[in-house]
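Accompanying notes for the structure given below.
The values are calculated or read from the model by the stated rules, or taken from the named source; none is laboratory data. Please read these numbers as outputs of a predicted model, since none were measured by experiment. Neighbour counts run over all protein chains shown; Cβ positions are idealised from the backbone, glycine included. Keep in mind that these areas ignore ligands, DNA and RNA; they rest on the heavy atoms of the full protein, side chains included. Shrake-Rupley method; radii C 1.70, N 1.55, O 1.52, S 1.80 Å.
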Amino acid sequence: MHAEIIAVGTEILLGQIVDTNTRLVGQVLADLGIDVYYQTVVGDNEVRMRAAIDLAAKRSDLVILTGGLGPTKDDLTKQVVAAYLGKQLVEDEAAMLKIKRHFEISQRKMTANNRLQALYIEGSKPLANETGLAVGDFYQAEQGPDFMLLPGPPSELRPMLFKVALPLLKQAYRQDQILSSRVLRFFGIGESQLASQLDDLIENQTNPTIAPYAKDNEVTLRLTASAKDEQEAQALLDGLESKIAKRCGQYLYGYGDDNSLAQVVMTKLREKHLTITAAESLTGGQLQAALTSIPGASQAFMGGFVTYANYAKEKLLAIPAEVIDKHGSVSEQTAILMAEQAKQKLGADVGVSLTGVAGPDSLEGQPVGTVWIGIAYRNKAGYAQKFHFPRQRKYVQARAVLTALDLVRKELLSEN
């Protein structure tokens, strides 16, 4: 079976946004054993959209379009596909009720164009939008290709794809063999190093297969097994994961597409009924923002400190001025005291600190990318580790946050 993905949006063509949807949809289709032979980007233009659909319909069994389901004049996807199929657009009652409630709650007037978001193609299955207002579509044709319409915003597409569309695709395109995937997440090792350590496994892969993907500051491996049933598939995946863990297990921190170091740390803290606080200098609160982005963070996160200037370190954390004068703000001694004082002042179980040089200029004779991370874990003596992340400012900050989270993760695991 062959599929084609059409990303709709002039803003993609102009480089104003990056299309991450096509990659995600392609991965999902690959896991289902559906080959994607073509990927197309087309602007918000009715004539060019129709031409792209005409071409896709001639060479593909399934055409998936992302974007263009909103209420504005340039959101034309469902209208163009409906016209191609010779179908009308009909209203989804549940979606319309959701739209009306949205405007009632926000105390805004609903205009006529907002009703477009509740329309779907006659004869198709409407796909509920958990995080947005525009419904999707899945149209199965007796002759010609099937069509699936998904929203453009990734925050809407992802839940619709995995929770609504994926079960429909599995049911519609059942195969004798099932495909089962497992995503392994790694931090602290680069894509090339990970691939090198797994070179023979990747070179000789048959079933299961290994697909590495580099992400921001981390690497993921997607393992995919083909088997007659789920039990057999999981056994194959377990065997391959065991081989990988023997070589790179110290860098393996979690599983799944929707996961992060912050989520793993927060989950572990809640399981152990532990609390955490942080004192940040160079990262300016980014570690605390990462922790509080996780639902249920209040169960483990106590609050924290952003002590960017030395005065703030002295005033808020009671770091003696003589310590900073003698050792500097970017030092082992200051990092340890920051972690310990934050932990003590809020009565938390874990204290984390970050101090360093994000750039663009050096500080206290320390080069850009120098970072000290302090850890005060339960009843253990506080300690700090020095790192070098010699790149641009945003990278230094992001890498420092993830490294701090990884250090906390390892402390949490050390008690198992």
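A few notes on this one:
- Residue identified as surrounded by fewer than 16 Cβ atoms within 10 Å (Cβ to Cβ) and touching a residue at least 40 places away in the same chain (Cβ under 8 Å) among G249, G284, G254, G239: G284
- Residue among E332, E364, E322 that is more than 21 Å from V265 (Cα to Cα), at pLDDT below 95 and over 26 Å from the mean Cα position of the chain (by Cα): E364
- Among the helices (runs of 4 or more DSSP H) confined to the stretch 38-114, the ones with at least 2 residues that are among the basic types (K, R) are located at 46-59, 93-106.
- The stretch 194-236, subset open to solvent by 60 Å² or more (accessible area, probe 1.4 Å), among the hydroxyl-bearing types (S, T, Y) and under 28 Å from K170 (Cα atoms), residue modelled with the highest pLDDT: T206
- Residue that is in contact (Cβ under 8 Å) with a residue 60 or more places away in the chain and either on the phi < 0 side of the Ramachandran plot or part of a strand (DSSP E or B) (or both), where the choices are G132, G152, G144: G152
- Inside the stretch 377-414, residues that are outside any helix (DSSP H, G or I) and open to solvent by 80 Å² or more (accessible area, probe 1.4 Å) make up a count of 9.
- Where S106 falls short, out of the listed (1) closer than 28 Å to D35 by Cβ; (2) without any contact (Cβ under 8 Å) to a residue 12 or more places away in the chain: (1)
- Among the candidates Q341, Q366, the residue that is without any contact (Cβ under 8 Å) to a residue 40 or more places away in the chain, at negative phi and not acidic (D, E) is uniquely Q366.
- Screening the candidates R59, R115, R50, R101 for the property of being touching a His at 6+ places or on another chain (Cβ under 8 Å) and open to solvent by 10 Å² or more (accessible area, probe 1.4 Å) yields one hit, R59.
- Criterion: buried (at least 20 other Cβ atoms within 10 Å of the Cβ) and out of contact with any Pro (no Cβ under 9 Å at 6 or more places or on another chain) - qualifying residue of G328, G304: G304
- Contact map, the stretch 322-333: first residue over 13 Å from L363 (Cβ atoms), second residue assigned to a loop (DSSP other than H, G, I, E, B), Cβ cut-off under 9 Å, separation 6 or more or different chains; pairs are V323/S331.
- Number of positions in the stretch 1-30 that are over 18 Å from the mean Cα position of the chain (by Cα) and either aromatic (F, W, Y) or open to solvent by 30 Å² or more (accessible area, probe 1.4 Å) (or both): 10
- Helices (runs of 4 or more DSSP H) within the stretch 278-376 that include 1 or more residues closer than 18 Å to L407 by Cα: 286-292, 332-346
- L274 assigned to a loop (DSSP other than H, G, I, E, B) and open to solvent by less than 10 Å² (accessible area, probe 1.4 Å): yes
- Screening the stretch 31-48 for residues that are closer than 15 Å to G67 by Cβ and of a type in the set (A, V, I, L, M) and picking the one that is nearest to the chain's Cα centre (by Cα) gives V41.
- If the condition is being polar (S, T, N, Q) and open to solvent by less than 20 Å² (accessible area, probe 1.4 Å), then the stretch 118-151 contributes S124, N129.
- Residue in the stretch 299-308 that is hydroxyl-bearing (S, T, Y) and over 23 Å from P367 (Cβ atoms) present: no
- Restricting L116, L179 to those that are under 25 Å from A57 (Cβ atoms), touching a residue at least 24 places away in the same chain (Cβ under 8 Å) and of a type outside the set (F, W, Y) reduces the list to L116.
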